[in-house]
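Peer 1: So that we are looking at the same thing, I have put the structure below in structure tokens.
Derivation of every value follows stated rules applied to the coordinates shown; laboratory data play no part. The shown structure was predicted, so the numbers you read here are calculated from the model rather than taken from an experiment. When we count neighbours, we look across all protein chains shown, and the Cβ atoms used for this are built from the backbone with ideal geometry, even at glycine.
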Amino acid sequence: SDPVAAAREAFGAHVGAEALEDNARVVERSDVVVLAVKPGVVDPALAALAGRPGLDAKLWVSIAAGVPIHAIAARLPAGARIVRAMPNTPALARSGATAFAANAHATQADRTAARALFEAVGYAWEAPSEALLDAVTGLSGSGPAYVFLFLEALGDAGVRAGLPRDAAYALAFHTVRGAAQLATESGLHPAALKDQVTSPGGTTIAGLERLEAGGVRAALHEAVAAATRRSRELGGS
């Protein structure tokens, strides 16, 4: 929804859906309500719906980072069916990774609907506990930024080695995408795939030795741990 008519028209034309002028009308006409807002907007958005009939008949799906299920439930009627999810930005390219957790009132049909929603834009995993979503935030939620940093560095390294910049970045992008696809489809442990590329005394082991000496593995562990801690802090857990 959007109170500005021009914005509604632009959004509707872009996605091929009807945009309404206020949230109350959206909720009234929906079976599944997706809270796709900044964390600080969740509480006032739900507060504005207080007292509206039928709120307990909806499935509420939140992708607001760090907002726990109990905070959403506090603004909804008792027994509200709620799913909290942590997607990531590659969902924009239909290659996202999303984890979600449901509260006790959500039915199996609700969880199936949530899975279908997120599988439409990539991979979806149902976490057995909402508490794991902080770790998901640290890994796959923040993970695209780690990968983009790696891609930038890998491309720059290619330029330093003498490659044209456009070729260096294209080769880096396709290498990472291909490696991820191979890891996904082969079912092999990443270490086994790494060993397949690594010949005794060859070029790859020379490069890997420098990565290990530079602490890449430890830095990734620390990055995920730091982002996980920050997610817990933001969520008040």
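Peer 1: Hey, what do the phi angles of region 28-43 turn into as Karplus ³J(HN,Hα) couplings, whole Hz, using 6.51/-1.76/1.60 and θ = phi - 60°, x for Gly and Pro?
Peer 2: Couplings: 4, 9, 10, 8, 10, 10, 9, 8, 10, 9, 4, x, x, 8, 4, 4 Hz.
Peer 1: If you take every residue apart from Gly54 with its C-beta less than 12 Å away from the C-beta of Gly54, what net charge results, scoring Lys and Arg +1 and Asp and Glu -1?
Peer 2: Summing Lys/Arg as +1 and Asp/Glu as -1 gives 0.
Peer 1: Taking the chain, how much of its Cα-Cα pair set, in percent, is spaced more than 30 angstrom apart?
Peer 2: 40 percent
Peer 1: Just flag the trypsin sites (Lys or Arg not before Pro) in region 1-43 sitting in loop per DSSP whose Cβ has no more than 15 other Cβ atoms within 10 Å.
Peer 2: The qualifying sites are Arg29.
Peer 1: Nearest 10 degrees, 0 to 90: what angle lies between the long axis of helix 143-160 and the longest principal axis of the chain (Cα atoms)?
Peer 2: 30 degrees
Peer 1: Using a simple spin-label model with points 7 Å from Cα along the Cα→Cβ vector, what separation in nm is obtained for Thr175 and Ala226?
Peer 2: Here the modelled spin labels are 2.5 nm apart.
Peer 1: Relative to the longest principal axis of the chain, what angle (0 to 90°, nearest 10) does the C-alpha long axis of helix 203-213 take?
Peer 2: 60 degrees
Peer 1: Could you compute the FRET efficiency for Ala57 and Trp125, with r as their C-beta to C-beta distance and R0 at 41 Å, rounded to 0.05?
Peer 2: E between Ala57 and Trp125, to the nearest 0.05, is 0.90.
Peer 1: Here is a further query. Based on the Kirkwood radius over alpha-carbon pairs, what is the Stokes-Einstein translational diffusion coefficient of region 143-235 at 20 °C with 1.002 mPa s viscosity, in µm²/s?
Peer 2: 141 µm²/s
Peer 1: Another question, if that's okay. Applying a 10 Å radius around every beta-carbon, put 225-232, 192-199 in order of their mean neighbour count, most first.
Peer 2: By packing density, highest mean first, the sequence is 225-232, 192-199.
Peer 1: Continuing with the same structure: Measure nothing but the geometry: give the 0 to 90° angle between the long axis through the Cα atoms of 216-235 and the longest principal axis through the Cα atoms of the chain, rounded to 10°.
Peer 2: 10 degrees
Peer 1: Quote the FRET efficiency, to the nearest 0.05, computed for Ala206 versus Glu185 with a Förster distance R0 of 30 Å and r equal to the Cβ-Cβ distance.
Peer 2: With a Förster radius of 30 Å, E is 0.60.
Peer 1: Then there is this: Quote the FRET efficiency, to the nearest 0.05, computed for Ala157 versus Ala36 with a Förster distance R0 of 35 Å and r equal to the Cβ-Cβ distance.
Peer 2: Using R0 = 35 Å, I get an efficiency of 0.40.
Peer 1: Using only helices, what value at 222 nm comes out for the chain when you add -39,500 (n - 2.57) per DSSP H run of length 4 or more and divide by the total residues, to the nearest 500 deg cm²/dmol?
Peer 2: Result for the chain: -16500 deg cm²/dmol, rounded to the nearest 500.
Peer 1: Let me ask something else about it. Taking Cα centroids, how far is region 165-237 from region 29-91 in Å?
Peer 2: What the calculation gives is 35 Å, centre to centre.
Peer 1: For region 173-188, in order, what is each residue's ³J(HN,Hα) by Karplus, 6.51 cos²θ - 1.76 cosθ + 1.60 with θ = phi - 60°, in whole Hz (x at glycine and Pro)?
Peer 2: For region 173-188, the Karplus curve yields 4, 6, 5, 5, 5, x, 5, 5, 5, 5, 5, 5, 7, 7, x, 7 Hz.
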